[in-house]
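Comments concern the structure below.
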Amino acid sequence: QVQLVESGGELVQAGDSLRLSCAASGRTFSTYAMGWFRQAPGKEREFVSGSWSGGSTYYADSVKGRFTVSRDIDKNTVYLQMNKLKPEDTAVYYCAAGSILTSRVSMYDYWGQGTLVTVSS
């Protein structure tokens, strides 16, 4: 079992930066693929970024070049650094853990409760 808790979401202006954190407890998260997803009001949950313990990272085209995912193994925490935020980045952001690195929502076994990011224009 893995418990995930996201934090860092807040109201920011377009062009600002924000860093989200996902703290993991329970079974060590170093053996899991970690994904970041987001869900805007009225829309389906979508993949944002993913990382594997070996260092592989993967980004949605909509955030490539603006968002960066990283891990701190000692702190059992994964981060999502978001730069040059746009109003269309507004959503609840979730982190998830799974056995493979994929953009598919259904392939992740554990989810956090989400943290809200609001980007004003």
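Of the numbered criteria (1) more than 13 Å from the chain's Cα centre (by Cα); (2) at pLDDT 95 or above; (3) not in a strand (DSSP E or B), the one residue 113 fails is (1).
Take segment 15-31 and flag every residue that is open to solvent by less than 20 Å² (accessible area, probe 1.4 Å) and within 15 Å of residue 51 (Cβ to Cβ). Break it down stepwise before answering.
Initial filter on segment 15-31 (open to solvent by less than 20 Å² (accessible area, probe 1.4 Å)): 18, 20, 22, 24, 29.
Result: 20, 22, 24, 29.
To keep it simple, each residue is scored yes or no on (1) over 11 Å from the mean Cα position of the chain (by Cα); (2) of a type in the set (D, E, K, R); (3) at negative phi.
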site: 6; (1), (2), (3): no, yes, yes
site: 12; (1), (2), (3): yes, no, yes
site: 15; (1), (2), (3): yes, no, no
site: 21; (1), (2), (3): no, no, yes
site: 33; (1), (2), (3): yes, no, yes
site: 57; (1), (2), (3): yes, no, yes
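The residue pairs whose first member lies in segment 29-44 and is modelled with pLDDT of 95 or more, whose second member is open to solvent by less than 10 Å² (accessible area, probe 1.4 Å) and assigned to a helix (DSSP H, G or I), and whose beta carbons are closer than 8 Å, counting only pairs six or more residues apart or on different chains, are 38/89. Cβ-Cβ distances below 6 Å connect the following pairs, each with a first residue in segment 104-121 that is farther than 21 Å from residue 18 by Cα, a second residue that is surrounded by fewer than 19 Cβ atoms within 10 Å (Cβ to Cβ), and a separation of six or more residues or different chains: 105/45.
Do we find a residue being of a type in the set (D, E, K, R) and either open to solvent by 70 Å² or more (accessible area, probe 1.4 Å) or farther than 19 Å from residue 119 by Cα (or both) anywhere in segment 45-54? Yes; the residues of segment 45-54 include at least one that is of a type in the set (D, E, K, R) and either open to solvent by 70 Å² or more (accessible area, probe 1.4 Å) or farther than 19 Å from residue 119 by Cα (or both). Taking the stated definitions as given, is residue 105 of a type outside the set (D, E, K, R), in contact with a strand residue (DSSP E or B) (Cβ under 9 Å, 6 or more places away or on another chain), modelled with pLDDT of 95 or more and surrounded by fewer than 18 Cβ atoms within 10 Å (Cβ to Cβ)? Yes: the conditions hold for residue 105. Note on segment 4-98: enclosed strands (runs of 3 or more DSSP E) holding 2 or more residues that are within 16 Å of residue 111 (Cα to Cα) are 18-26, 33-39, 46-51, 77-82, 91-98.
Exactly one residue among 93, 110 is in contact with a strand residue (DSSP E or B) (Cβ under 9 Å, 6 or more places away or on another chain) and open to solvent by less than 10 Å² (accessible area, probe 1.4 Å), and that residue is 93.
The values are calculated or read from the model by the stated rules, or taken from the named source; none is laboratory data. Note that the structure is predicted; figures quoted are calculated from it, not measured. Reconstructed Cβ throughout: ideal geometry from the backbone, glycine too, with neighbour counts over all protein chains shown. Heads up: the accessible areas ignore ligands, DNA and RNA and are worked out on the full protein's heavy atoms, side chains in. Shrake-Rupley method; radii C 1.70, N 1.55, O 1.52, S 1.80 Å.
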